[in-house]
Structures are given as C-alpha cells and as structure tokens.
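What follows is one structure encoded as structure tokens, with my remarks underneath.
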Amino acid sequence: MSIIQGRKKLLIIGSATLGLCLAAIMPALVAEPANAQSELAIETMPESQTRLLRRQNIVRIHPNSVQPETTFTVHGVGTVSKAPDIAIISGGVSSRADTASSAMAINRRTMNNVFATLKSAGIEGRDLQTSNLSLQAEYDYSNRQNGAPARLIGYQASNQLTMKVRDLDILGEVLDALVRAGGNTFSGLNFALSDPSLARDEARRLALRDARHKAELYAEEAGYQVKRIITLEEGGGNNAIPFRQAAMRMAENDAATPVAGGEVSYTMRVTVVFELTDRLEPAA
C-alpha cells in the first residue's frame, strides 16, 4: 500500500470516529437548556414540593406561570389608658415697661424669684426648661384711621417655662407657688407617664390583634383563611389631657388649687397586609 493510500484510510477512520463522538454528546448539549429551565422552575416551588418533583423527575409548573397571591389590607387600633404619674406645666412671666431694657430687667428679677420658689416647692433644676424668650414693642393703633402713624407705647418681655412635676400630690401647691412668685401667664397643663414605653407596647399588641381579628372575620365570610402577614406599618401617638388654658390668678384662700389627673390614653394604629389562602374544607 502506498503512503498516500494509507493517509486517506486514516482520514476516513478519523472522520467516522469524530462523527460517532458528536452523535453521542449532541443529545446532552440539546437537552441542557431544558434541564436548566426545569431546575429554575423547581427552585420557585416550596421545598416540600421540590423534593417530591425531584424524586419523580418531573416539572409541573413554569416560573412565569406562578399565580399572584391574594392579599387583604386592614387597619387595627389599640388604646391603653393609665393613671398618669407626671404633669407638664407651661407658664411663665410677662413684663411690660416703657423701655426695652426696663422690661427685660423686670422680667429677669421676677424669673429669678420664680426659679427659686419652684425649687423650694420641690421642683428639681433638671425639670425646668425655658421654652420661649421674647421681647416685643407695643404700639397704639387707635389713631390710624386719621392717618396718624402708630404710636410706640412700651415693650413687653416674656419668659416661658416648661415645668415637669414628678409628684402629683404637690401639683396644686406648685401652681400656687408659681403665681405667688410672680408668674402671670399659663398656657397649659398636660398629664403623662414618665415611661410610656410599656403602655405603647400594650397598645401595639391590641392594635395587631384588632387587625388580625378583622382579617380573619372578613376572610371567613369570603371563603378564605388568613395565611401570613405580608407587610405591617405603624402609626399612632398619645392623647394628652389638656388643662383649660387661662391666665393664672392668685387663689383667694390658703387651699391649694384643685387639680385632677384622670387617665392618659396611648393609641397605636397599624396597617397590615395579610395573605389569604383558600379555606380547606373538612374531609367527608
């Protein structure tokens, strides 16, 4: 046999071998996308169903064919009422004089007396905070209709305090002491809890129970059952008990000003999205 004939024979044999190899691996190459798609579909299923399908070597659902979940949005409210243990007083001193410096000087002397009196009444320095300090010019506008300019008649200096009373038994005495020391403005009295966190947490629990109760009620009437919470948003606050706003006046007798604390209410609100599922009928 010639060298040329030998090379042709080897070429033919090599080509046949390559063809057999390609024929053997082509089904696997073609099947790979389908297998990958099957794996993706299985991953979107619950774990228990995935294990079952893997054992059976079948795929029954495509990731794009997953049905949307059925949801229901409800609002829940929870309110907790407690006896307050602190009071917040807003009041201070307002002083008038012909000049700005005189108004500020009078106000300063009176406020020093107020601070000293409140501390003597049992209010600690940490519970006294200046909430507003102002100085304003006062004008007489009575002759404006005749074209006359407004007339400066003096200045008003104001120093307002926020006072926290931790012992409610002395609250009336503190109010009277504030007046005796020269306090002549009073903008409010609120009652609260020194630590409202426990009351708010209790209100949160009640709000969520209220939301779940509504969801289960509506779901049952519609033929569903509540499966789980999808989202939960919170909002709320406390309702303080305001005291009537008025100017302070000195009591005509020695009895302390009567004050009733009542209760303070803390209300929390939640918005909950529940996922619903078909209700399972009992077996016959």
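As a summary of the residue check, residue 120 satisfies the conditions (1) surrounded by fewer than 14 Cβ atoms within 10 Å (Cβ to Cβ); (2) among the hydroxyl-bearing types (Ser, Thr, Tyr); (3) over 21 Å from residue 180 (Cβ atoms) except for the one numbered (3).
Selection within the range 209-224: residues that are of a type in the set (A, V, I, L, M) and touching a strand residue (DSSP E or B) at 6+ places or on another chain (Cβ under 6 Å). The member of this set that is farthest from residue 276 (Cα to Cα) is 211.
What about residue 169, is it surrounded by fewer than 18 Cβ atoms within 10 Å (Cβ to Cβ) and more than 30 Å from residue 269 (Cα to Cα)?
Values: surrounded by fewer than 18 Cβ atoms within 10 Å (Cβ to Cβ): yes; more than 30 Å from residue 269 (Cα to Cα): yes.
Considered against the rule, which asks whether it is surrounded by fewer than 18 Cβ atoms within 10 Å (Cβ to Cβ) and more than 30 Å from residue 269 (Cα to Cα), residue 169 comes out as yes.
Output yes when any residue across the range 135-155 is touching a residue at least 24 places away in the same chain (Cβ under 8 Å) and in contact with a Ser or Thr (Cβ under 6 Å, 6 or more places away or on another chain), and no when none is. The answer is no, given that none of the residues of the range 135-155 is touching a residue at least 24 places away in the same chain (Cβ under 8 Å) and in contact with a Ser or Thr (Cβ under 6 Å, 6 or more places away or on another chain).
Would you say residue 148 is at pLDDT 95 or above and not in a strand (DSSP E or B)? Step through it out loud before you land on a result.
Numbers: at pLDDT 95 or above: no; not in a strand (DSSP E or B): yes.
No.
Looking only at the range 173-195, residues that are touching a residue at least 24 places away in the same chain (Cβ under 8 Å), surrounded by fewer than 16 Cβ atoms within 10 Å (Cβ to Cβ) and within 15 Å of residue 84 (Cβ to Cβ) come to 2 in all.
The values are calculated or read from the model by the stated rules, or taken from the named source; none is laboratory data. Computed from a predicted structure; not experimentally measured. Reconstructed Cβ throughout: ideal geometry from the backbone, glycine too, with neighbour counts over all protein chains shown.
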